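What follows is a single structure, written as structure tokens, with notes after it.
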Amino acid sequence: MSDPSSALPLRPVRRVRFDGRLPGDKSLSHRILMLGALNRGRVKARGVLASQDVEATLRLVRALGVDVSVAPDDSGVDALAVHLAGLGPERWQEPRHVVDAGNSGTTLRLALGLVAPYPIAVVFDGDDSLARRPMRRVVDPLRRAGAAVLGRADGEYLPLAIRGGNLRPLSVRLSVASAQVKSALLFAGLGTEGEHVVEEPVVSRDHTERLLRALGAPLEVEPAGGEGARRLVLRGPFVPEGDHEIRVPGDISSAAFFLGLAAAHPDAEVVVREVGLNPTRTGFLDVLRRMGAVVEVSEEGEVWGEPVGSVRVASSRLRGVTVGAEEVPRLIDELPLLAVLATQAEGRTVVEGASELRVKESDRIAEIVRLLRPMGAEIAERPDGFVVEGPTPLRGSPGDAAGDHRLAMSFAVAAALAREGTSLLRGHEAVAVSFPSFFRLWESLEAR
Ligand SMILES: O=C(O)C1=C[C@@H](OP(=O)(O)O)[C@@H](O)[C@H](O)C1
Ligand SMILES: C=C(OP(=O)(O)O)C(=O)O
């Protein structure tokens, strides 16, 4: 790990060639560990992401007293082999200590739903970024179902203490499209008698639904009202059983930094293998295509209902695009990167309906504008997104990742695309949240 106090020099990259696997999917890794903790039986998972966020979920699973063993998995980048021997939630213990969710919104929100049906008290805390992120979106529906939750600002912010048990059936129409809230409520339904209904206004990543159905849960997914809206109906209780094995596919959100660089760079070819191609996650590939990029996708199989395959992207002439609210959840974590690529595209790029970006690890709208302007980008902040006029040549500049892994990696792409000048990134160590080997792999790209 590099020295956190020093800035990392990032030079423009002359030639981009990459062909291989990248780290395992973060969303799937969290969910597999939590469902493994709930399961009555053994779960053997390979290719689990070895990163700080997933460490937080491992801390939760251990704190509940679940028997879990973790070893490096040499067949992947930043990969773990995890074996869980779950005895069902009746055997969970009340954690003796505060559970540290670190920087991970997914850990905290999903965990609140996971433990809510059971009569145990769990206290959560996390880092300063997580302590600024809103939790009432999960806490309120859990309270309405009968869980007791205490926390700062009436349960909006960490630290949070929950004690559940004996919940009433959940019936929730989400006002924001959030896979974290949806998943938390489905998890709560798993331990609760009755028919639970969750409606989302626009489809968000559906890993939880796919995993639950693969495990045999009585879950129906149907269209609801508006375009892209979905209604999920789960009959609880359902506790998964039996022995299961899974190999976690690569994370398209991590792959996006390599694929995006390839699209905007004049001499590039990148192939990412064995990556997850769940259509609720591939909005970034669709937007790249709309920008005129050469994107080839080959679907090669399925893991627990999740399509998996390879993606190839080569140097392309990009043009500006508009991305609206109905598409945002399918590429929410790739939007700061899209701002970088838009600086190299002909014409105007507009992102709207993305105010959720302001409550991620940082305010990703304000911070990406702050990072890109000194490099020569023409980018304007909007309350719910940004507008970029391109193309503008970028030049190396100092920048600060604001403790946000996606911003650190987006800045690395901008630095690689710069015509001249070395960029200096402060806070580069944030990449350990989702992609610890990022800079080791990035350094293998050829510097000018
Ligand atoms: O469910 C998940 O695994 C995630 C959902 C998204 O958050 P929201 O559900 O808050 O939009 C995303 O930004 C996050 O990186 C992971
Ligand atoms: C928003 C993210 O994660 P989380 O919400 O789990 O912190 C992310 O990985 O970009």
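The values are calculated or read from the model by the stated rules, or taken from the named source; none is laboratory data. What you see is a predicted model; the values in this text were computed from it and never measured. Cβ placement follows ideal geometry from the backbone for every residue including glycine, while neighbour counts extend to all protein chains displayed.
Quick one: in the range 110-146, of everything that is in contact (Cβ under 8 Å) with a residue 40 or more places away in the chain and over 23 Å from the mean Cα position of the chain (by Cα), which residue is surrounded by the fewest Cβ atoms within 10 Å (Cβ to Cβ)?
Result: Pro119.
Within the range 78-85, can one find any residue that is modelled with pLDDT of 95 or more and either in the same structural domain as Arg419 (by TED's automatic domain parsing) or closer than 23 Å to Pro159 by Cβ (or both)?
Within the range 78-85, not a single residue is modelled with pLDDT of 95 or more and either in the same structural domain as Arg419 (by TED's automatic domain parsing) or closer than 23 Å to Pro159 by Cβ (or both).
Within the range 342-366, how many residues turn out to be in contact (Cβ under 8 Å) with a residue 40 or more places away in the chain and within 15 Å of ligand 1 (Cβ to nearest atom)?
Residues meeting the conditions: 6.
Evaluate the following for Thr208: is it β-branched (Val, Ile, Thr), in a helix (DSSP H, G or I), buried (at least 16 other Cβ atoms within 10 Å of the Cβ) and modelled with pLDDT of 95 or more?
Yes: the conditions hold for Thr208.
Residue check, Ala217 against (1) in a strand (DSSP E or B); (2) over 20 Å from the mean Cα position of the chain (by Cα); (3) crowded, with 18+ Cβ neighbours inside 10 Å, all met but one. Which one?
Going through the list (1) in a strand (DSSP E or B); (2) over 20 Å from the mean Cα position of the chain (by Cα); (3) crowded, with 18+ Cβ neighbours inside 10 Å, Ala217 breaks only (1).
Against the conditions (1) of a type in the set (A, V, I, L, M, F, W, C); (2) outside the structural domain of Phe18 (by TED's automatic domain parsing); (3) closer than 26 Å to Asp78 by Cβ, where does Leu261 fall short? Just the number, please.
All conditions pass for Leu261, except number (2).
Results for (1) more than 28 Å from Glu200 (Cα to Cα); (2) among the acidic types (Asp, Glu), shown as yes or no for each residue.
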residue	(1), (2)
Ala262	yes, no
Val270	yes, no
Pro279	no, no
Asp286	no, yes
Arg290	no, no
Glu299	no, yes
Val303	no, no
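Looking only at helices (runs of 4 or more DSSP H) that fall completely inside the range 136-193, which ones have 3 or more residues that are within 28 Å of Gly88 (Cβ to Cβ) and within 16 Å of ligand 2 (Cβ to nearest atom)?
In the range 136-193, the matching helices (runs of 4 or more DSSP H) lie at 179-190.
Of the residues Gly396, Gly376, only one is in contact with an Asp or Glu (Cβ under 9 Å, 6 or more places away or on another chain) and assigned by TED's automatic domain parsing to the domain that holds Ala325; which?
Gly396
Name the strands (runs of 3 or more DSSP E) wholly inside the range 36-132 in which the number of residues that are within 16 Å of ligand 2 (Cβ to nearest atom) is 1 or more.
40-49, 121-125
Are any of the residues in the range 14-23 assigned to a strand (DSSP E or B) and under 18 Å from Val115 (Cβ atoms)?
Within the range 14-23, not a single residue is assigned to a strand (DSSP E or B) and under 18 Å from Val115 (Cβ atoms).
Yes or no, residue by residue, for (1) surrounded by 19 or more Cβ atoms within 10 Å (Cβ to Cβ); (2) within 16 Å of ligand 1 (Cβ to nearest atom); (3) closer than 18 Å to Gly250 by Cβ; (4) at pLDDT below 95:
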residue	(1), (2), (3), (4)
His30	yes, yes, yes, no
Leu49	yes, yes, yes, no
Ala56	yes, yes, no, no
Ala71	no, no, no, no
